[in-house]
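Shown next, in structure tokens, is the structure this report addresses.
No value in this document is a laboratory result; all are computed from the given coordinates. The shown structure was predicted, so the numbers you read here are calculated from the model rather than taken from an experiment. Ideal geometry is used to build each Cβ from the backbone, glycine not excepted, and the neighbour counts take in all protein chains shown.
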Amino acid sequence: MRLSTVEPRDDGTAAAVLDAALGAGVGLLDTADAYARDAGDIGHNEASIAAALARHRARGGDAVEVVTKGGLLRPDGAWLPDGRARHLAAAARASRDRLGVAALDLYLLHAVDPKVALATSTRALARLRDDGVARAIGLSNVNLDQLEQALAITAIDAVEVELSPGKLDALAGGVVAACTDRGIRVLAHRPLGGPAGARRLARDATLQALAAGVGDGATVVDLVLAWLRRLGPTVVPLPGATRVDHARAVARAIELPPEVAAALDARFLGEAHGRTTAGHTTPAATGDVVLVIGMPAAGKTTLAAELTARGYARLNRDDRGGTLRDLSRALDAALAAGTTRVVLDNTYPTRASRAEVVAVARRHGVAARCVVAATTLAQAQANAVARMLDLHGRLLDPAELAATATIAPSAQFRFRRAYEPPRLDEGFLAIDEVAFVPRPLHDGEPALVVELDGIVWRGRPRVLGDVTLVDGVRDHLAAWRAAGFVVVATAWQPAPHDADALDARLAELIGFALPVARCCHPAGPPVCWCRKPLPGLALWLARAHRLALARSIHVGGGPADRGFAARAGMRYADAAFWPAPPTLP
């Protein structure tokens, strides 16, 4: 129960809700140290639960299992993962102390930290169990691939995932089946789909009628929680409650009559029921469904075009709009109408996103194949920028990226975090990887692309008069220019004082005009393509000044500059060791 994150917070109401839940017979409470307002409030929810359990024991109540989680930080109210072993070790002991127990019943990694190897976090959990800090350990918010990585290191006792009638990724993605096979508990958080989902379910006339048919005062909530338990013998729904009446209601458990269970299966699973079955059926003699998958700007459109030229019908959300489920329905209709060859080229990063397509193909006796656009993140970034320049002739601002549905850097990062490599046990007849063929970058003149900040000038560029050249840099730039190289520059200058005046001042200092490409967006995660190490500035300079990036060199001063050069296909040199210009042929 995340009572400590409810606003406005009312500790008295929270205590009453916890007391009502425990009094109604709830035998498991789910919490986390991060269920708090911010970093200074860490552990508030755990402390509230500890106080409620003390009252419960004083009343002679039965033992209650407490699940808590660690691995998230709350700086200024944000949610940031921290899966380092040192952090988990300290966080688990702090949770144990707040809960006032000799050992935690069950301790979970709250979220996978993309900056820390999952193996590192898993070994830290195993040590906590070995040291007696926790009796059992598990993972939260993981996919099948991540679960299997952890199981290769140690036994996992429980997995907590979002699972509700409207969110069945853990089912379609194979997590529930894998846990069932291994006897691992599945803790289903948000089982009603959150407050909005619970309201939709409660208003559903069909579900209301089914509940009335069950009798004994059964409600839609009772039906949904009972249906979730039927998804696997180890599934345990974790309904939240913020009111006393809700706390009492979610504690009830009913048995579903077979006809009601079948009706709920049809309603929530539809024709995709059974889609988690591994393997593939014998395909029809002709025809197939091909999923072309890869991150945004990975070259999927090119691969799909090759198939459409061979007679495949193409289904793509960019063209048709709607959802992936809508595409699955369109695929179903196309196969039913006699189309035998179809290509779908969407990102499809997870097993769950691919499962329904495979299920539709299986139902029609058509083979499902997978073609993976094996494109690196750096290649896809350069490709995304090149497409944007082709279409718009310039680098778009963050607001323009959103308004024009142009690929933003975050889309590729999200794909990489979510990606589960496809496997034959999803039902594919074959999986083929296709190497990315980079588009030729601009041919033209070789260039020296130099970073301004700290390398060409010192001072505060926003204050026009407070800029001086770095010692010796004027001679370096002049030498490269004399050797036949076009000399251009990059800079990060949020809200420059006056770019034109600043460029004129720079030309005065070095003796010639120096074209400058700037990123003017604030610090933080990249929201634009002009932030290094993203290659936007280089590709724009190449287009604007007809530069041959493969024959150019970038002089910079750190990892971001090095990555920038690599993504743009340039050589890199550190400004601490200014290179002499090579002789051009």
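Database remark: amide H of ARG314 closer than 5 angstrom to the amide H of VAL343 (H placed geometrically; neighbours at sequence offset of 5 or more, or on other chains; Pro and chain starts carry no H).
Look at the Cα gyration tensor of the range 384-444: its axes a ≥ b ≥ c give a/c of at least 1.5 with a/b at or below b/c, and that counts as oblate. Remark: the chain carries a charge dipole of roughly 320 debye about the Cα centre, counting +1 on each Lys and Arg Cβ and -1 on each Asp and Glu Cβ. For a Förster distance of 41 Å, can you work out the FRET efficiency between the beta-carbons of ALA499 and THR323, rounded to the nearest 0.05? The value I calculate is 0.45. Short to long, the 20 Å bins of the Cα pair-distance histogram for the chain hold 17, 40, 32, 10, 0 percent of all pairs.
Rounded to the nearest 0.05, what FRET efficiency is calculated for ARG203 and VAL101 with R0 set to 51 Å and r the Cβ-Cβ distance? Once rounded, the FRET efficiency stands at 0.80. Straight Cα distances below 28 angstrom link LYS532 to the lysines LYS115, LYS300, with same-chain residues fewer than 8 positions distant left out. Using the basic label-point model (7 angstrom from Cα toward the beta carbon), what is the ARG243 to THR154 distance in nanometres? Rounded to a tenth, the inter-label distance reads 4.2 nm. Give me, ordered by chain and number, the residues 5 or more places off LEU514 or on other chains with an amide H under 5 Å from its own placed amide H. Counting only residues 5 or more places away or on other chains, the set is ALA507.
Rounded to the nearest 20 debye, the dipole magnitude of the range 288-435 is 220 debye, with +1 charges on Lys and Arg beta carbons, -1 on Asp and Glu beta carbons, and the Cα centre as origin. Considering only ALA382, TYR312, THR339, and ranking their Cα positions along the charge dipole of the range 288-435 that arises from unit charges at the beta-carbon of Lys, Arg, Asp and Glu, the one farthest toward the positive end is THR339. Listed values for the range 415-426 are Karplus-derived 3J(HN,Hα) couplings in whole Hz (6.51 cos²θ - 1.76 cosθ + 1.60, θ = phi - 60°), namely 4, 4, 5, 8, 4, 10, x, x, 9, 4, 5, 6, and x replaces Gly and Pro.
Give me the distance between the Cα centres of the range 477-517 and the range 178-230, rounded to whole Å. A separation of 64 Å, based on Cα centres. If the chain linking ALA94 and THR468 were pulled fully straight, counting 0.36 nm for each residue of separation and taking away their Cα-Cα distance, it would gain 129.4 nm. For the range 391-401, the Karplus equation 6.51 cos²θ - 1.76 cosθ + 1.60, evaluated at θ = phi - 60°, returns couplings of 7, 10, x, 7, 7, 7, 6, x, 5, 5, 4 Hz by residue, with Gly and Pro reported as x.
Overall shape: oblate for the range 440-585, with the ratio a/c of the largest to smallest alpha carbon gyration tensor axis at 1.5 or above and b/c at least equal to a/b. A simple spin-label model places pseudo-atoms 7 Å from Cα toward Cβ; at ALA51 and LEU424 they are separated by 5.9 nm. In this Cβ point-charge picture (+1 for Lys and Arg, -1 for Asp and Glu), the range 447-577 has a dipole of about 460 debye about its Cα centre. In plain terms, the chain from ALA402 to LEU80 could stretch by 113.5 nm, reckoned as 0.36 nm per residue minus the Cα-Cα distance. Protection proxy ranking, highest mean first, for peptides 35-42, 139-146, 290-297: 290-297, 139-146, 35-42, where packing is the per-residue count of other beta-carbon atoms within 10 Å, averaged. What's the FRET efficiency of THR120 with ASP216 using the Cβ-Cβ distance as r and R₀ = 35 Å, to the nearest 0.05? After rounding to 0.05, the efficiency reads 0.10.
A crude spin-label estimate for the pair ASP390 and ALA58, with each label 7 Å from Cα along the Cβ direction, gives 7.1 nm. Distance from the C-alpha centroid of the range 13-89 to that of the range 389-424: 37 Å, rounded to the whole angstrom.
Estimated at 0.36 nm per residue, the fully extended path between ASP453 and ARG182 surpasses their Cα-Cα distance by 92.0 nm. Highest average first, the peptides 575-581, 357-363 ordered by how many other beta carbon atoms sit within 10 Å of their residues are 357-363, 575-581.
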